[in-house]
Amino acid sequence: NPLATSPVLDSWYQRGIQSGAIGGKVLGAGGGGFILFWIRKDGRQEFLRKFGNTTVVPFEMCHTGSTIIYRD
């Protein structure tokens with residue numbers, strides 16, 4: 001679908017891949033979205049150096065399935 005992306009998103013995605021990401025996914029919408037990049041642990045510092053001045057939110061994958069992490 002050509003409306004699912006834009007030249008700006010395409011350029012950010014390509015920049016991530018060229019910086020060492022294995023892949024990525026555009027998430028969110030309407031100015032509040034982001035691109036989630038998958039990076040090997042040993043390539044993280046190089047990716048950050050190449051990708052430049054952006055907001056980075058580190059995360060890890062869990063293989064245990066859904067769990068409750070907050071209960072009021």
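The values are calculated or read from the model by the stated rules, or taken from the named source; none is laboratory data. All values reported here derive from a predicted model rather than from experimental measurement. All Cβ positions, glycine included, derive from the backbone under ideal geometry; neighbour counts span all protein chains shown. These area figures cover heavy atoms from the full protein model, side chains too; ligands, DNA and RNA do not enter into them. Shrake-Rupley method; radii C 1.70, N 1.55, O 1.52, S 1.80 Å.
Using only the Cα atoms of the chain, each taken as one equal point scatterer with no solvent, compute I(q) by the Debye sum, divide by I(0), and report log10 of the ratio at q = 0.12, 0.21 Å⁻¹. For the chain, the Cα-only Debye profile gives -0.42, -1.00.
What the phi angles of the stretch 40-57 give under the Karplus curve with 6.51, -1.76 and 1.60, with θ = phi - 60°, is a coupling list of 5, 3, 6, x, 4, 4, 5, 4, 4, 5, 6, 6, x, 7, 9, 7, 10, 10 Hz, glycine and proline written as x.
Give me the percent of accessible area attributable to carbon and sulfur for the stretch 20-72, probe 1.4 angstrom. Display every interim value, and only then the final one.
On the way: 2630 of 4850 Å².
Exposed carbon and sulfur together represent 54 percent of the surface.
Accessible area per residue for the chain is 89 Å², calculated with a 1.4 Å probe on protein heavy atoms, without ligands, DNA or RNA. Taking amide H as placed 1.01 Å from N in the peptide plane, Gly24 has its amide H under 5 Å from the amide H of Trp38, each at least 5 places away in sequence or on another chain.
Taking the average, over residues, of other Cβ atoms within 10 Å as the packing measure, peptides 14-25, 49-60, 33-44 rank 14-25, 33-44, 49-60 from highest down. If you fit an axis through the alpha-carbon atoms of helix 7-18 and take the longest principal axis of the Cα set of the chain, what angle between them do you get, 0 to 90°, nearest 10? Compared with the principal axis, the helix lies near 70 degrees.
What percent does the relative contact order of the chain come to when contacts are Cα pairs within less than 8 Å and at least six residues apart? Don't skip to the answer; put the middle values down first.
Details: 47 pairs, mean separation 16.7, N = 72.
Across the chain, relative contact order equals 23 percent.
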